[in-house]
Amino acid sequence: QAFHPASSSLLPLAAMDFFSCGSACRPRDLATDTVKFDAAAIGAAAPASPALERWREEHQRPQQDKQGEEERASEATCRELEAQLIDQEHEEQRLLKEQEDESARREREAQLRREEEEEAEEPEEIEVEEEAPKVALDAEEKKVVFANFPVKDLAAVVYSASFTKFSCPDKEEGFDDIKYEWSKGDKAEAYMKKYILDRKLSMRIEELQPGQWAQKQLTAWHTSVNTWHAKVAEYKNMLIKKEQAKRAKEAKKAKEAREKAAKEAKEAKEVEEKAKKQAKKKEGDEEKKEEEEEKKDKKDKKDKTEKKDEDVDDKGKKDKKDKKDKKDKKDK
């Protein structure tokens, strides 16, 4: 047997006949009945033989193809995730732009209204100065510490990437004095911590990347979706086949009905033609009979006429003979 460096397995000793190992061959180990090879020397000196190529085709290349398929599937998944992230970022930018455009539009409308009001106002002499009404906040407004404006100071992408780093100032940072306008000290720290936690629950984290588990779950989800789509397509194809079979059956029945109706019409036509032929034949026979009777009558009349003529001739001849006999007798 021989040790092959690429597969870490033993090959039959006869395999050495299919490729030349050159200086890579070492003396045969009589204890283990094997021949050892220098892998580096074999890679440099041994030419590719047909047997070695067949061995590679059977063992190495299927594994390489499998690895290549896994790498391509992983790359496709990564590209899909990147495309989704890019689409989400574009959608957020679009929404942000729409918000900015809406805010600008509102500001323009407010400016136009103010200008129209200033133009509509006419100067009037104020005779008595009235006391301006005092502004007072209700209970709900008093609870609001920070005003919420439609136009934010930071873009959504920048804000989501930065709000986890927000913190309250500390004297260790080099400040001489820190003053709080609302909550003091620990309350401000607690408010900041609660603010960040609330934003983590509701804000989108742009820098968050899906892990291996999420990718596996996404792959499993896509597999399930493809399976569902295949089943839906199979069900639809089954419905289409049923509908086609039903239509074919109806078409067959309609064809049989048409053929039956055509056959009945043909038979009725044949019967009608036969009846016409019989009627025509009967009429011809009657006409023929009438003609024969007429011919017979004519023949009888002719025979009677001929007989009558013959009788007349016979009578004339007899009269002549009688006259002749009388004359002869008288002469005699």
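Stokes-Einstein diffusion coefficient for segment 150-279 at 37 °C in a medium of 0.692 mPa s, Rh from the Kirkwood formula over Cα pairs: what value in µm²/s? Stokes-Einstein gives a translational diffusion coefficient of 136 µm²/s. Couplings for segment 83-91, taken from phi via the Karplus curve 6.51 cos²θ - 1.76 cosθ + 1.60 with θ = phi - 60°, read 4, 4, 4, 5, 4, 5, 5, 4, 5 Hz in order; Gly and Pro are left as x. Among all the lysines, which ones have a C-alpha under 21 Å from Lys280's C-alpha, if same-chain residues fewer than 8 places away are not counted? Lys280 reaches Lys266, Lys269, Lys288, Lys289. Of the solvent-accessible surface of segment 185-237, computed with a 1.4 Å probe over protein heavy atoms with every protein chain present, carbon and sulfur atoms account for 59 percent. The Rg/Rh ratio for segment 273-332 is 1.61, where Rg is the radius of gyration of the alpha carbons and Rh is the Kirkwood radius. Close Lys pairs in segment 195-254 (alpha-carbon distance under 27 Å; sequence gap of 8 or more, or different chains): 15. Across segment 156-173, rounded Karplus estimates of 3J(HN,Hα) from the backbone phi angles (6.51 cos²θ - 1.76 cosθ + 1.60, θ = phi - 60°) give 4, 5, 5, 5, 5, 7, 10, 5, 5, 9, 5, 7, 7, x, 9, 5, 5, 7 Hz, Gly and Pro being marked x.
One quarter of the surface of the convex hull around the alpha-carbon atoms of segment 181-243 equals 8.4 nm², the direction-averaged projected area. Bridgeable lysines around Lys321 (alpha carbons under 22 Å apart, same-chain partners fewer than 8 residues away excluded): Lys307, Lys308, Lys329, Lys330, Lys332. Bridging of Lys327 to lysines at a Cα separation below 27 Å is possible for Lys315, Lys317, Lys318, once same-chain residues fewer than 8 apart are set aside. Size descriptor for segment 233-331, Kirkwood hydrodynamic radius: 22.0 Å (Cα pairs only, one decimal). Taking every protein chain into account, the accessible area of segment 91-246 amounts to 94 square angstrom per residue (probe 1.4 Å).
The values are calculated or read from the model by the stated rules, or taken from the named source; none is laboratory data. Note that this is a predicted model, so its numbers are computed, not measured. Heads up: the accessible areas ignore ligands, DNA and RNA and are worked out on the full protein's heavy atoms, side chains in. Shrake-Rupley method; radii C 1.70, N 1.55, O 1.52, S 1.80 Å.
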